[in-house]
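*Asks:* Got a structure here, written out as structure tokens. Questions coming.
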Amino acid sequence: MFPAPPPELRELHLVGVTGTNGKTTTAALVAAVLGERGAGEPVARVTTVGAFLDAERLDLPLDYAGMVEALRRGRAAGGRHGVLEVTSESLARGFARTWPITSAIFTNLTHDHLDAHGSPEHYFASKAQLFHFLPPDGLAVLNGCDAAADLLRQVVPAGVAVITYGVPSRGAAALPLDVCAEDLQLDWAGTSVQCSVRPEARGDVLPARFELRVRALGDIYVENALAAICCAVRRGVPLERALGTLARLEPPPGRFEVVSRDPNVVVDYAHTPDALRRTLAVARALCRGRVHLVFGAGGQRDRDKRPLMGAVAAAADVVHLTSDNPRGEDPARIADDISRGFPPGVTVRRELDRHQAIARALRECGPEDLLLIAGKGHETTQVLADRTLHFSDQETVRALLAR
């Protein structure tokens, strides 16, 4: 269990973001848009990649004490909101019971972290706690196109406002969509989409239709942006301000980050079957030639998802199977587990040295091809059994291209 928040933080309006994929990005977008609610009002944000006060990274540890200190600094600076990326592990340990989350956002629920939870049911039950403990005046923002949305809606207490959003590419809606993305347009400059709003959800804050544009690439980021809009407008941010902020924001590091256009090279954090599938679909939509994929899987983490990753990776034209963060596990064994998911006929190059795998993929890329390097995204280290090395996919690509 977690201790109760300090008295000075109990007046903060806290937004909690949970789900399998997209939590960090959604938290960043929500914090940026909530900053438009009042002139000069800072927003503290704590995610798995760091603690921030608006755009400033705070030099704080990524632990409970660091989270409390980040929120304290935001409150001391005059902030009234805080945004937290809430992991399933912290929810399983009772975080939502003791901390006053007033708005909760659900991104999606797919295969991950089963090594920590033991079963999909326990994983879902942990996520659901964020919504079960919302106060009567709280807000639940649900991805209605995720299969778990209907079950999640059932645990939301009476009196809590619920708003749903969705992008059809995720699948059929499990709940009626209050805000639905339609007619998505994608190019190297960003993603734009027309959005329709159900009459019951409009009120005084949303029109029947509006256009959303983000500089990030892909429907994944449209989902994240819609979640941010649904939360922020219900908390007093005018829609036009929210849309303007989202249109200006730089894409987050390591999330379909375009490292080069000659050749086309993208780095992404996709490390689950669902995230890799959707990221490959975006790569395919942008690519005129072949899609090359460099990827592996983390060691000592959810071994069952590895063959599923291999099956999804078959959507690439050429797969360069390599190492990720092997930790204390044999990289060859991890690659073997992934390989069991490859269907017949997939072109696979196996090179367990990640630097060499990237180098080979770059050599094989033609002018119309696209190289997607997946799994590590923003990370700048590679964790081995006995040491942690400095390693950045982006730096590796730039150094190889500069030769």
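*Asks:* Any idea how far apart residue 41 and residue 151 come out in nm if each label point goes 7 Å out from Cα toward Cβ?
*Replies:* With each label placed 7 Å out from Cα toward Cβ, I get 3.6 nm.
*Asks:* Same structure again: Could you work out which residue, out of 59, 369, 204, moves most in a Gaussian network model of the chain, that is, has the largest mean-square fluctuation with Cα springs under 10 Å?
*Replies:* Result for the chain, Cα springs under 10 Å: 204 fluctuates most.
*Asks:* Using 7 Å Cα-to-Cβ label points, what is the residue 76/residue 209 separation (nm, one decimal)?
*Replies:* Output for this residue pair reads 5.0 nm.
*Asks:* Still on this structure, please answer the following. Could you give log10 I(q)/I(0) at q = 0.13 Å⁻¹ for the chain, computed by the Debye formula over C-alpha point scatterers of equal weight, without solvent?
*Replies:* -1.13
*Asks:* Rounded to the nearest 20 Debye, what is the dipole magnitude of the range 58-178 about its Cα centre when Lys and Arg each give +1 and Asp and Glu each give -1 at the C-beta?
*Replies:* My answer is approximately 400 debye.
*Asks:* Which Rg and Dmax, in Å, describe the Cα atoms of the range 257-402?
*Replies:* Spelled out, the Cα radius of gyration and Dmax of the range 257-402 are 13.8, 42 Å.
*Asks:* Loop by DSSP (not H, G, I, E, B), at most 12 other beta-carbon atoms within 10 Å: where is the longest site-free stretch of the chain for GluC sites (Glu not before Pro)?
*Replies:* Between the exposed loop sites, the longest stretch runs 12-367.
*Asks:* Per-residue ellipticity at 222 nm for the chain, helices alone: DSSP H runs ≥ 4 residues times -39500 (n - 2.57), over residue total, nearest 500 deg cm²/dmol?
*Replies:* -10000 deg cm²/dmol
*Asks:* Counting only the backbone N, which residues of the range 205-228 are under 20 Å from the spot 7 Å out from the Cα of residue 281 toward its beta-carbon?
*Replies:* Output list for this probe position: 212-228.
*Asks:* Taking 0.36 nm per intervening residue step and subtracting the Cα-Cα distance, what contour gain separates residue 363 from residue 98 on full extension?
*Replies:* 90.1 nm
*Asks:* If each of residue 182 and residue 402 carries a label point 7 Å out from its Cα toward its Cβ, how far apart are those two points in nm?
*Replies:* A separation of 4.9 nm, rounded to one decimal place.
*Asks:* So between residue 288 and residue 48, what do we pick up on full extension, going 0.36 nm a residue minus the alpha carbon distance?
*Replies:* Contour length minus Cα-Cα distance gives 82.9 nm.
*Asks:* While we're here: Can you work out the FRET efficiency for the pair residue 340 and residue 57, with r the C-beta to C-beta distance and R0 = 51 Å, to the nearest 0.05?
*Replies:* Numbers: r = 40 Å, r/R0 = 0.79.
Once rounded, the FRET efficiency stands at 0.80.
*Asks:* Angle check, please: helix 393-402 long axis (alpha carbons) against the longest principal axis of the chain (alpha carbons), in degrees 0 to 90, nearest 10.
*Replies:* With rounding to tens, the tilt is 50 degrees.
*Asks:* Write down, largest first, the equivalent ellipsoid semi-axes of the range 1-120 in whole Å, where each equals the square root of 5 times an eigenvalue of the alpha-carbon gyration tensor.
*Replies:* Each semi-axis is √(5λ); the values are 24, 16, 13 Å.
*Asks:* Something else about it: Using a Förster radius of 56 Å, what is the FRET efficiency between residue 303 and residue 240 based on their Cβ-Cβ separation? Nearest 0.05, please.
*Replies:* For residue 303 and residue 240, the calculated efficiency is 0.70.
*Asks:* Using 0.36 nm per residue of separation minus the Cα-Cα distance, give me the extension gain between residue 388 and residue 332 in nm, one decimal. Mind dumping the intermediate values first?
*Replies:* Numbers: separation 56, 0.36 × 56 = 20.16 nm, distance 1.83 nm.
Full extension from residue 388 to residue 332 adds 18.3 nm.
*Asks:* Moving on. Calculated FRET efficiency, residue 8 and residue 261, Cβ-Cβ r, R0 30 Å, to nearest 0.05? Kindly include the intermediate steps, with their values, before the conclusion.
*Replies:* Values: r = 48 Å, r/R0 = 1.61.
So, using R0 = 30 Å, E works out to roughly 0.05.
*Asks:* If you don't mind, another one. Tell me, Kirkwood radius of the range 158-231 from alpha-carbon pair distances, in Å?
*Replies:* Values: mean 1/r = 0.0786 Å⁻¹.
Final number for the Kirkwood radius of the range 158-231 is 12.7 Å.
*Asks:* What whole-number distance in Å separates the alpha-carbon centres of the range 259-336 and the range 151-176?
*Replies:* Taking the Cα centre of each part, the range 259-336 and the range 151-176 sit 30 Å apart.
Coordinate-derived values only; no laboratory data. Note that this is a predicted model, so its numbers are computed, not measured. Every residue, glycine as well, gets a Cβ built from its backbone with ideal geometry; the counts of neighbours run over all protein chains shown.
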